[in-house]
Amino acid sequence: MQDIFRRIAGRMLEQPMRVLCVMGGAVTLTYLVTAAGMRDLHNNPERLKMSAEQAEAVQTINLGLIRKSINGDGPAAFGGDDKILGAIEQLERVHAALLAGQDKPLDTLLKEYTASADKLQKMPPHALNSTDPELRRLLDSLSPRLLQEMRRVSTGYQQHSEAMLGNVANKQHWMFAVSLGSLVMIGMLLLQPLLQQLRDSALRMRQEKLLADKVIDTVPVSIFGLDADGNVVLMNRHAERHCGWSAGEIKGDGFFARLIPAEQRHELQALFNGMMSGAHAAFARIEAPMMNASGKQMPMDWHMTVIEEPASGKPGMFLLTGAEASVNQGDSVLPQTADANLLQFNARQQDEVILPGGDALIPGTAHGEADNIIRMPASLCRRNGRPITQAAKDSIAFFTEDGYSGFSRHFDQDRICRILPRHNDFCNKLGWNRLLNQHNESLDDDLYALMPSKSEYRHFELKRTDDEAAITESVSAWLRDHHNLPNDLLDAVLTVLDEMIENSLYSAPRDNSGMPYYTKGEARELASYEEISVDVARGGDILGLMITDYWGTLTPGVFFKSLARAMEGGIEVRESGVGLYMIWRLSDYLQVRVHPQKCTQVTVLWDIGSGFIDRNVDAGLQFLYHNDYEAPYQVRATI
């Protein structure tokens, strides 16, 4: 039976107009039945009216004959004959319209009555008196019986009318049940399979998109997608590793100006314009070099095609796939070799000191600790015009002498991830070895690894967006009641907490193209996979706050480009990332750890002993991005 219904539904789904026809038929049938019942009811009031007119005519005849018998030869007697005659004609006409031949007792009685009334009407006035036997017969016998029969017929009409009203009501109930049943059947047999087909199609599209994303991210060629203006809107991970920029750094920038050398740029730009306009074929192949982040040109074999919009058929995306045209072993450098070359290059600078182990530059660091970190004075970064290689960015910690002035260009261009103020008392209190080893993995969360051993902790989890206010109030009450913080520090902590929660709720949830899933302020229940937790800790004169989400969508490129803009324009600049810039300015130390597409952990520390927040002091900052170049099994050293 289910197979039969499925086949029927399948045929119906092939022609959706049949669904509308079924619904239209049910509505039309309901209207016709209701209209027929209303027409029948419309006749009943007319019949009741005519029955009343019959009784009125009988009364008129009786009254006229009585007056005639009383007045004798008076003038009123002659005028009454016309009324009697007219009432007799009306009585016969109404009876003929109602029940002529249908009710024999009433027919016989009516004929006898009208014959007697006609006979009395024709008698001369002087011959008719109140004692006339025929008049007495009409008034005392025929008239009462006739009126009784008329009342019987009228009562029948009334009962019939009431029965018809009941039938119409019953029909309406039945038609309501039929209409409701039709809707249920249409929903079960027609719409439910259609909705199931739509759900299956949406699931298949989602699976196909996920598969396509996985293929794009894992295929060993560089893939770029450009919009109609030639800006990068799609970039796979192989392309990130190949060119030295992350997708967050390059998305939205012009592909040809950023990645193609000037001498070949015009040729590729002309080919792009021709293919997007339809002047050239929708597929092309060309060899042209690509510039990486260090300025090196790599020969590439490009395959280009135009992807059209399904609805309009117009070009929607320009897709490029590129592979190295030739591989020179001399140009292939492993990340470890790149680090070594950078160290050798820096060691040749006579007026700078770079030590791979312990040195006087970093107090409290012994030989053999944090020896996989290159510690570079900030002056070398400011003087050196060469960009830093991708492999070395996460392995360099810069130490500043006089704040971060002049570093905004390097934040944007070189994506410096780790910068620590050399003479900062709070960094010295945390321990340089502890800070330098933060790039390694650990079984502990960052807050637990950075806080003193004997610290008090509070843990909160968000289940819905409305939990933000309750968590903020709980943290405020705990800090106010148990730790007696200065007002400006408490205000800074609550401001940072609010910004951190907002980022995790609305900025972190993004798809592969970087578009947010939710608008800011949208109330919702958090999905089971969307875990957001808040941890706050106090140990001695150190206060810590950490938030963790399981999206991992924040990239160094997006963060540091926005940070550079905020450093130049101030906190009033309404750009993405200003929230994290404000968190950094309100803290004594900021650390961001990202496992791409897995987890983001933002940790903020304050020095309670300093007594106030100085926004003019540049706090230590480390952005730890666990990309493909880092070994996931490394364990962070702890003190």
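For this structure, a couple of remarks:
- Scan of the stretch 116-172 for residues that are basic (Lys, Arg) and farther than 22 Å from Lys49 by Cβ, ordered by number: Lys119, Lys122, Arg136, Arg137, Arg145, Lys171
- Residue in the stretch 390-403 that is in a helix (DSSP H, G or I), at pLDDT 80 or above and either hydroxyl-bearing (Ser, Thr, Tyr) or touching a strand residue (DSSP E or B) at 6+ places or on another chain (Cβ under 8 Å) (or both) present: no
- Residue in the stretch 296-332 that is farthest from the chain's Cα centre (by Cα), counting only those that are at pLDDT below 50 and open to solvent by less than 80 Å² (accessible area, probe 1.4 Å): Gly330
- Just so you know, in the stretch 217-243 the residues that are among the β-branched types (Val, Ile, Thr) and open to solvent by less than 80 Å² (accessible area, probe 1.4 Å) include one that is farthest from the chain's Cα centre (by Cα), and it is Val221.
- Flag if Ser179 is of a type in the set (Gly, Ala, Ser), more than 17 Å from Leu320 (Cα to Cα), part of a helix (DSSP H, G or I) and without any contact (Cβ under 8 Å) to a residue 24 or more places away in the chain: no
- Among residues of the stretch 108-151, those that are open to solvent by less than 90 Å² (accessible area, probe 1.4 Å), part of a helix (DSSP H, G or I) and touching a residue at least 40 places away in the same chain (Cβ under 8 Å), counted: 14
- Test: residue in the stretch 415-429 that is part of a loop (DSSP other than H, G, I, E, B), at pLDDT below 75 and either within 25 Å of Ser562 (Cβ to Cβ) or in contact with a strand residue (DSSP E or B) (Cβ under 7 Å, 6 or more places away or on another chain) (or both): yes
- Checking the stretch 463-471 against the condition returns a match, with at least one residue being in contact (Cβ under 8 Å) with a residue 60 or more places away in the chain, open to solvent by less than 40 Å² (accessible area, probe 1.4 Å) and not in a loop (DSSP other than H, G, I, E, B).
- Scope the stretch 530-552; condition of a type in the set (Val, Ile, Thr) and surrounded by fewer than 22 Cβ atoms within 10 Å (Cβ to Cβ); matching residues: Ile542, Thr548
- Residues that are more than 25 Å from Glu324 (Cα to Cα) and more than 24 Å from the chain's Cα centre (by Cα) are absent from the stretch 199-216.
The values are calculated or read from the model by the stated rules, or taken from the named source; none is laboratory data. As the structure is a prediction and not an experimental result, all values here were calculated from the model. Neighbour counts are summed over all protein chains in view; Cβ atoms, including those assigned to glycine, are modelled from backbone coordinates with ideal geometry. Note: accessible area is taken over every heavy atom of the protein model, side chains too, but ligands, DNA and RNA are not part of it. Shrake-Rupley method; radii C 1.70, N 1.55, O 1.52, S 1.80 Å.
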